[in-house]
Amino acid sequence: MAAAGTAPLKKYKLVFIGDQSVGKTSIISRFMYDTFDTHYASTIGIDFVSKSVPIDRGTVRLQLWDTAGQERFRSLIPAYIRDSQVAVVVFDITSRASFDSTTTWIADVRAQRGNDVIIVLVGNKTDLVSQREVSAAEIEQRANEQEIMFIETSAKEGFNIKLLFRRLATVRARAAARRAPRARRSPPAARRRRPCRRWRRARRRPTRRSCS
Ligand SMILES: Nc1nc2c(ncn2[C@@H]2O[C@H](COP(=O)(O)OP(=O)(O)OP(=O)(O)O)[C@@H](O)[C@H]2O)c(=O)[nH]1
Ligand SMILES: [Mg+2]
C-alpha cells in the first residue's frame with residue numbers, strides 16, 4: 001500500500017510471447033535477477049514476476065507475464081494478451097522459423113488489442129554471431145512494416161536488457177499521460193483561471209452565467 005501522501009505506483013502489464021526456446025524466460029531472469037542459465041527448462045503455462053523501474057518522471061511497476069512457447073499452452077495466451085498494455089514478441093536471431101512466426105504472434109496481439117497496445121519485436125541471442133539467420137536489416141524492415149518498436153538483445157551477455165525494459169516503461173508511461181483526460185492533468189485552479197473570452201469563441205451562443 002502507498003504511504004500517506006504518496007501516489008500509488010503506476011502498474012503496467014507486459015506479456016512475453018514467442019516460439020519455444022527463443023529466450024523469453026532468460027530475458028526476464030536477466031532483468032529481474034541479473035542471472036543466466038544455459039540449461040533449458042521450458043515454461044509450463046504462465047509465470048508472473050514484477051519489478052519497479054525508474055523512469056524520467058518517477059518510478060513505475062512492471063508486471064511481467066512469461067508465457068510458454070510450447071504449442072499445448074497456446075490457448076492460455078490470448079487472455080494474457082488481452083489484459084496487457086505491452087506485448088513483447090521475442091524470436092531467436094539464429095532461428096528463421098522463430099522470426100517467421102512473429103508475424104502470427106503480432107497478428108494475435110492485434111486481434112486481441114487492435115492498436116491499443118505497445119508492441120516490441122525482440123531479436124534475442126545476438127551473442128551467437130556465427131549462427132545468425134536473420135539480419136538486423138530484416139528485423140528493422142519487419143518492425144517498420146508492422147509499425148512497432150524493435151531491439152536486439154542477448155540475455156546471456158545482458159546486452160540491451162535494461163534498455164529494453166527502461167524504454168518500454170518510458171514509452172508506456174508517456175502513452176498513459178497522453179491518454180489521461182485533460183481535467184486530471186490540469187488542476188481545478190488553472191481551469192478556473194481560463195479566460196472567458198476563449199470560451200466564448202469556442203461556442204456560438206454562450207450564456208452570461210457560464211462566464212461568471
Ligand atoms: N546463447 C544464448 N542462449 C540463450 C539466450 N537466451 C536464452 N538462451 C538459451 O536458450 C534456451 C531457451 O531459453 P528460455 O529462456 O528458456 O526460452 P523460452 O522462450 O522461455 O522458452 P519456453 O519457455 O519453452 O517458451 C536456454 O537454453 C537458454 O540458456 C541468449 O541470449 N544467448
Ligand atoms: Mg520460458
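The values are calculated or read from the model by the stated rules, or taken from the named source; none is laboratory data. These figures come from a predicted structure and were not determined experimentally. Because the Cβ atoms are built from the backbone with ideal geometry, glycine has one as well, and the counts that use them run over all protein chains shown.
You will find that of K156, K162, K125, the residue that is at pLDDT 95 or above, surrounded by fewer than 17 Cβ atoms within 10 Å (Cβ to Cβ) and not small (G, A, S) is K162 and no other.
Each residue in the range 59-77 was checked for being out of contact with any helix residue (DSSP H, G or I) (no Cβ under 6 Å at 6 or more places or on another chain) and free of Cβ contacts under 8 Å to residues at least 60 places away in the same chain, and 12 of them qualify.
One residue is enough: does the range 19-29 have a residue meeting the conditions within 14 Å of ligand 2 (Cβ to nearest atom), in contact (Cβ under 8 Å) with a residue 40 or more places away in the chain and at positive phi? Within the range 19-29 (the criterion being within 14 Å of ligand 2 (Cβ to nearest atom), in contact (Cβ under 8 Å) with a residue 40 or more places away in the chain and at positive phi), the answer is yes, since at least one residue qualifies. For the structure I just gave you, tell me whether G58 is out of contact with any Gly (no Cβ under 7 Å at 6 or more places or on another chain) and at positive phi. Judged against the criteria, G58 is a match. When residues in the range 36-55 are screened for being within 11 Å of ligand 1 (Cβ to nearest atom), surrounded by 11 or more Cβ atoms within 10 Å (Cβ to Cβ) and either of a type in the set (D, E) or on the phi < 0 side of the Ramachandran plot (or both), 6 of them pass.
Can you find a residue in the range 129-142 that is within 10 Å of ligand 1 (Cβ to nearest atom), buried (at least 20 other Cβ atoms within 10 Å of the Cβ), in contact (Cβ under 8 Å) with a residue 24 or more places away in the chain and not hydrophobic (A, V, I, L, M, F, W, C)? Within the range 129-142, not a single residue is within 10 Å of ligand 1 (Cβ to nearest atom), buried (at least 20 other Cβ atoms within 10 Å of the Cβ), in contact (Cβ under 8 Å) with a residue 24 or more places away in the chain and not hydrophobic (A, V, I, L, M, F, W, C). Exactly one residue out of I77, I81, I27 is within 8 Å of ligand 1 (Cβ to nearest atom), surrounded by 19 or more Cβ atoms within 10 Å (Cβ to Cβ) and in a helix (DSSP H, G or I): that is I27.
The listed residues are Y33, Y12, and the only one of them that is surrounded by fewer than 22 Cβ atoms within 10 Å (Cβ to Cβ), at pLDDT 95 or above and either more than 16 Å from ligand 1 (Cβ to nearest atom) or among the aromatic types (F, W, Y) (or both) turns out to be Y33.
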